[in-house]
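The values are calculated or read from the model by the stated rules, or taken from the named source; none is laboratory data. Note that the structure is predicted; figures quoted are calculated from it, not measured. Here the Cβ positions follow ideal geometry from the backbone for every residue, glycine too, while neighbour counts run over all protein chains shown. For accessibility, only protein heavy atoms count, side chains too; no ligands or nucleic acids. Shrake-Rupley method; radii C 1.70, N 1.55, O 1.52, S 1.80 Å.
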Amino acid sequence: MVIYFSATGNTQYIAEQIAAATNDKVISIRQVLNGGEKNFTLAENENLGVVLPVYFGGFPSIVKEFFEQIKIKVEGKNHYSYFVATCGGGAGNINLEAEKTLQNFGLQLDAEFVIFMVDNWTPFFDLNDKKYVEQAESKVEPALKEIVEKISRQEKIKIPASISAEEAEKRYAIYENLRDTKNFTVNENCVGCGKCARQCPLKVIEIQNKKPVWVKEKCTLCLGCLHVCPKNAINFNNQTEGRGQYHNPRIKKII
């Protein structure tokens with residue numbers, strides 16, 4: 001079983017490739033939270049993988065919500081559990097959060113990995129920079145191959161947290177503030193196509209009078225709406241206009 005959340009396809013690609021190599025099924029967090037099955041059974045000898053993007057050094061809010069709502073029945077004791085963080089910068093202490101989360105289900109995390117990919121956080125990363133995008137993409141396959149091999153051998157690996165608990169708390173406070181949907185604006189290029197509403201994993205966006213409206217106070221801040229907009233009409237916090245969009249080229253549809 002490989003659990004993942006993805007906004008622009010990076011994490012989905014990694015999860016699907018690992019699952020294919022290890023003959024495991026994939027579980028999409030967005031599908032579960034939008035009417036999917038929330039009770040899972042981890043059978044004897046079945047492995048558990050969790051593949052997530054790093055948001056401000058930790059879990060995206062949608063992931064926290066997922067783990068609060070699901071139940072995992074663990075059969076037997078022979079399980080290999082691993083965590084893979086995808087990020088463009090540092091992984092923060094997301095691995096520690098993963099360790100604590102799995103402990104709540106009676107599971108110990110055996111291995112932790114980080115894979116660096118194109119970062120869709122356009123307030124920091126200019127995705128019009130083709131050199132950055134190409135360099136980041138070029139490093140994915142070798143890193144993924146190494147991770148898959150280590151998972152297949154069930155190697156036990158721990159990675160150190162790169163920030164302190166105090167710093168993690170500060171970053172999460174910033175994240176919580178930025179999650180306010182009032183930070184999103186739409187310019188006159190919008191054609192009301194509805195792709196942003198369909199992309200939103202928490203159904204925060206509705207199309208009203210042919211324009212997107214954020215109908216909840218908070219979102220998970222995945223920026224999926226911004227990156228899927230065909231007219232690049234969505235701006236976040238007046239920081240993303242003209243800084244490009246990204247969709248993993250190996251993924252046709254975000255699930």
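Are there any pairs, at least 6 apart or on different chains, whose C-beta atoms fall under 7 Å, with the first in the range 19-34 and under 15 Å from residue 82 (Cα atoms) and part of a loop (DSSP other than H, G, I, E, B) and the second open to solvent by 60 Å² or more (accessible area, probe 1.4 Å) and among the hydrophobic types (A, V, I, L, M, F, W, C), and if so, which?
none
Collect the residues in the range 228-249 that are surrounded by 17 or more Cβ atoms within 10 Å (Cβ to Cβ) and part of a loop (DSSP other than H, G, I, E, B), keeping them in residue-number order. If you could, list the steps in order and put the result at the bottom.
Just the residues of the range 228-249 that are surrounded by 17 or more Cβ atoms within 10 Å (Cβ to Cβ), to begin with: 228-229, 232-236, 240, 243-248.
Correct list: 229, 232, 233, 240, 243, 244, 245, 246, 247, 248.
Is one or more of the residues making up the range 153-162 touching a Gly at 6+ places or on another chain (Cβ under 6 Å) and either aliphatic (A, V, I, L, M) or open to solvent by 40 Å² or more (accessible area, probe 1.4 Å) (or both)?
Here is the first cut: in the range 153-162, the residues touching a Gly at 6+ places or on another chain (Cβ under 6 Å) are 162.
Okay, now just the ones that are also either aliphatic (A, V, I, L, M) or open to solvent by 40 Å² or more (accessible area, probe 1.4 Å) (or both), so 162.
For the range 153-162, residues touching a Gly at 6+ places or on another chain (Cβ under 6 Å) and either aliphatic (A, V, I, L, M) or open to solvent by 40 Å² or more (accessible area, probe 1.4 Å) (or both): present.
Just need a number here: residues in the range 213-226 that are closer than 20 Å to residue 122 by Cβ and either open to solvent by less than 60 Å² (accessible area, probe 1.4 Å) or at pLDDT below 95 (or both). Talk me through it step by step, then tell me what you get.
Applying the first criterion (closer than 20 Å to residue 122 by Cβ) to the range 213-226 yields 214, 218-226.
Applying the additional criterion that residues be either open to solvent by less than 60 Å² (accessible area, probe 1.4 Å) or at pLDDT below 95 (or both) yields 214, 219-226.
The qualifying residues number 9.
What single numbered condition from (1) more than 17 Å from residue 83 (Cα to Cα); (2) among the hydrophobic types (A, V, I, L, M, F, W, C); (3) crowded, with 16+ Cβ neighbours inside 10 Å fails to hold for residue 42?
All conditions pass for residue 42, except number (1).
Condition first: without any contact (Cβ under 8 Å) to a residue 60 or more places away in the chain, surrounded by 18 or more Cβ atoms within 10 Å (Cβ to Cβ) and under 25 Å from residue 45 (Cβ atoms). Now tell me which residues in the range 68-98 satisfy that.
Listed by number, the residues that qualify are 70, 72, 79, 81, 83, 98.
Return yes or no: is residue 191 in contact (Cβ under 8 Å) with a residue 40 or more places away in the chain and either among the aliphatic types (A, V, I, L, M) or touching a Gly at 6+ places or on another chain (Cβ under 6 Å) (or both)? Steps first, answer last, please.
Working: in contact (Cβ under 8 Å) with a residue 40 or more places away in the chain: yes; either among the aliphatic types (A, V, I, L, M) or touching a Gly at 6+ places or on another chain (Cβ under 6 Å) (or both): yes.
Here the answer is yes, as residue 191 does meet what is asked.
For the range 127-145, indicate whether the set of residues that are under 20 Å from residue 3 (Cα atoms), of a type outside the set (Val, Ile, Thr), touching a Gly at 6+ places or on another chain (Cβ under 7 Å) and open to solvent by 30 Å² or more (accessible area, probe 1.4 Å) is non-empty.
No, the range 127-145 contains no residue that is under 20 Å from residue 3 (Cα atoms), of a type outside the set (Val, Ile, Thr), touching a Gly at 6+ places or on another chain (Cβ under 7 Å) and open to solvent by 30 Å² or more (accessible area, probe 1.4 Å).
Of the residues 203, 252, which single one is open to solvent by 70 Å² or more (accessible area, probe 1.4 Å) and modelled with pLDDT of 95 or more? Steps first, please.
Details: 252 fails: modelled with pLDDT of 95 or more.
None of the others qualify; the one that does is 203.
Filter the range 135-171 for residues that are outside any loop (DSSP other than H, G, I, E, B) and basic (Lys, Arg); which is nearest to residue 93 (Cα to Cα)? Full working, then the answer.
Keep residues of the range 135-171 that are outside any loop (DSSP other than H, G, I, E, B), which gives 135-138, 140-152, 157, 165-171.
Keeping just the survivors that are basic (Lys, Arg) gives 145, 150, 170-171.
Working: 145: 24, 150: 21, 170: 12, 171: 11 Å.
Among those that are outside any loop (DSSP other than H, G, I, E, B) and basic (Lys, Arg), it is 171.
If you go through the range 45-67 one residue at a time, how many are open to solvent by 50 Å² or more (accessible area, probe 1.4 Å) and not aromatic (Phe, Trp, Tyr)?
Going residue by residue through the range 45-67, those that are open to solvent by 50 Å² or more (accessible area, probe 1.4 Å) are 45, 56, 64-65.
Among the residues that remain, those that are also not aromatic (Phe, Trp, Tyr) are: 45, 64-65.
Result for the range 45-67: 3.
Looking at the range 38-134, what strands (runs of 3 or more DSSP E) fall wholly within it and have at least 1 residues that are over 20 Å from residue 169 (Cα atoms) and of a type in the set (Ser, Thr, Tyr)?
39-42, 81-87
Only one of (1) open to solvent by 50 Å² or more (accessible area, probe 1.4 Å); (2) under 20 Å from the mean Cα position of the chain (by Cα); (3) over 30 Å from residue 112 (Cβ atoms) is not met by residue 180, so which one is it?
(1)
Identify, from the list 231, 210, the residue that is farther than 20 Å from residue 30 by Cα and at pLDDT 95 or above.
On the way: 210 fails: at pLDDT 95 or above.
On inspection, the qualifying residue turns out to be 231.
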